[in-house]
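Everything on this sheet refers to the single structure shown next.
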Amino acid sequence: MRSFLLLVLLGALTACRTTTPSQALDASELPPPSASTATDTTGRTLGPGDLVDVRVFQEPDHSGVWAVSTEGTIDYPLCGKVHLAGRTSGTAADVLRGCLTRYLKHPEVSVVIREYNSKKIFVFGEVQKPGTFSYEEGMTIIEAVTLAGGLTKLASPNGTQVARQGEGQQLKIRVPVKDIRDGAEKNFPLQPGDIVFVPESLF
């Protein structure tokens, strides 16, 4: 009964994220990330709910912590609403510096992302602490399962599935967690928004 309810929950979560469901793929069948989906090597990008710590050298009135709004902006002194969603800390600093140069002489601006609240993953099924977790750059399936407290005794780790939004369709990828832990398979990198489901063993 518990597995049935978890499957219903997984279906509800994925239903709102897809238009054309597809059958499950093995992790080994996935192509390498394309240039359009590869991670920005300069760091993670900002989204609504993230907290940014802006520091302007010798300008305390322009330094502080701001939350990125649902529109992807911060309300910054002198500059008004500045769109930061989709930017890294480095490019966010460039945008703010560009604005401040109209009012300050050679402003030195740095941006540190204090909290990532916009990027989440979901772990359900036969784990000790199912729920929603903050995505960290380079996070793997093993790290996600560990965040969820590890597997239960009823888990079927090699039957684990990752639901991921592809281009116009929902991908369901089978990830052999046990084989990965045993070193027989490579670890599986996650992406923001991934839904991890560990099924119950039938035996």
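The values are calculated or read from the model by the stated rules, or taken from the named source; none is laboratory data. This structure is a prediction, so every number in the text was calculated from the model and none was measured. Don't worry about glycine lacking a Cβ; one is built from the backbone with ideal geometry, like all the others, and counts go over all protein chains shown.
Taking only segment 50-60 into account, find how many residues are under 11 Å from Ile113 (Cα atoms) and not aliphatic (A, V, I, L, M).
2
Taking the stated definitions as given, is Lys129 modelled with pLDDT of 95 or more, not in a helix (DSSP H, G or I) and not hydrophobic (A, V, I, L, M, F, W, C)?
Yes, satisfied.
If you take the residues in segment 148-173 that are in contact with a helix residue (DSSP H, G or I) (Cβ under 7 Å, 6 or more places away or on another chain) and not hydrophobic (A, V, I, L, M, F, W, C), which one is surrounded by the most Cβ atoms within 10 Å (Cβ to Cβ)?
Thr160
Just to be sure before I move on: is Gly72 closer than 30 Å to Val175 by Cα and of a type outside the set (Lys, Arg) in the structure I sent?
Criteria not met by Gly72.
With respect to Val95, determine if the residue is in contact (Cβ under 8 Å) with a residue 40 or more places away in the chain, buried (at least 17 other Cβ atoms within 10 Å of the Cβ) and assigned by the TED database to the domain that holds Arg55.
Judged against the criteria, Val95 is not a match.
Which one of these does Val123 not meet: (1) in a loop (DSSP other than H, G, I, E, B); (2) in contact (Cβ under 8 Å) with a residue 60 or more places away in the chain?
Every condition holds for Val123 apart from (1).
Output the number of residues of segment 63-92 satisfying the condition of being in contact with a helix residue (DSSP H, G or I) (Cβ under 9 Å, 6 or more places away or on another chain), under 11 Å from Leu46 (Cα atoms) and surrounded by fewer than 16 Cβ atoms within 10 Å (Cβ to Cβ).
Of the residues in that region, 1 qualify.
Looking at Gly138, Gly90, which is the one that is in the same structural domain as Val68 (by the TED database) and modelled with pLDDT under 95?
Selected residue: Gly90, the only one of Gly138, Gly90 that is in the same structural domain as Val68 (by the TED database) and modelled with pLDDT under 95.
As an exercise: evaluate Leu100 against (1) crowded, with 17+ Cβ neighbours inside 10 Å; (2) out of contact with any Pro (no Cβ under 7 Å at 6 or more places or on another chain) and give the number of the one condition it does not meet.
(2)
Give Ala67, Ala15 a once-over and let me know the one that is in contact with a strand residue (DSSP E or B) (Cβ under 9 Å, 6 or more places away or on another chain) and at pLDDT below 90.
Only one candidate qualifies: Ala15.
Under the condition of being more than 10 Å from Ile141 (Cβ to Cβ) and in a loop (DSSP other than H, G, I, E, B), which residue from segment 189-203 is nearest to the chain's Cα centre (by Cα)?
Once the filter is applied, the top-ranked residue is Pro192.
Take Val112 and decide whether it is closer than 30 Å to Val196 by Cβ, within 23 Å of the chain's Cα centre (by Cα) and surrounded by fewer than 19 Cβ atoms within 10 Å (Cβ to Cβ).
Yes, satisfied.
If only one of Leu96, Leu51 is in contact with a Leu (Cβ under 9 Å, 6 or more places away or on another chain) and at pLDDT 90 or above, which one is it?
Leu96
Could you count how many residues in segment 171-188 are in a loop (DSSP other than H, G, I, E, B), under 22 Å from the mean Cα position of the chain (by Cα) and among the charged types (D, E, K, R)?
Residues that pass the stated criteria total 1.
Which residue, of Lys119, Lys178, is surrounded by 14 or more Cβ atoms within 10 Å (Cβ to Cβ) and under 22 Å from Leu46 (Cβ atoms)?
Among Lys119, Lys178, only Lys119 is surrounded by 14 or more Cβ atoms within 10 Å (Cβ to Cβ) and under 22 Å from Leu46 (Cβ atoms).
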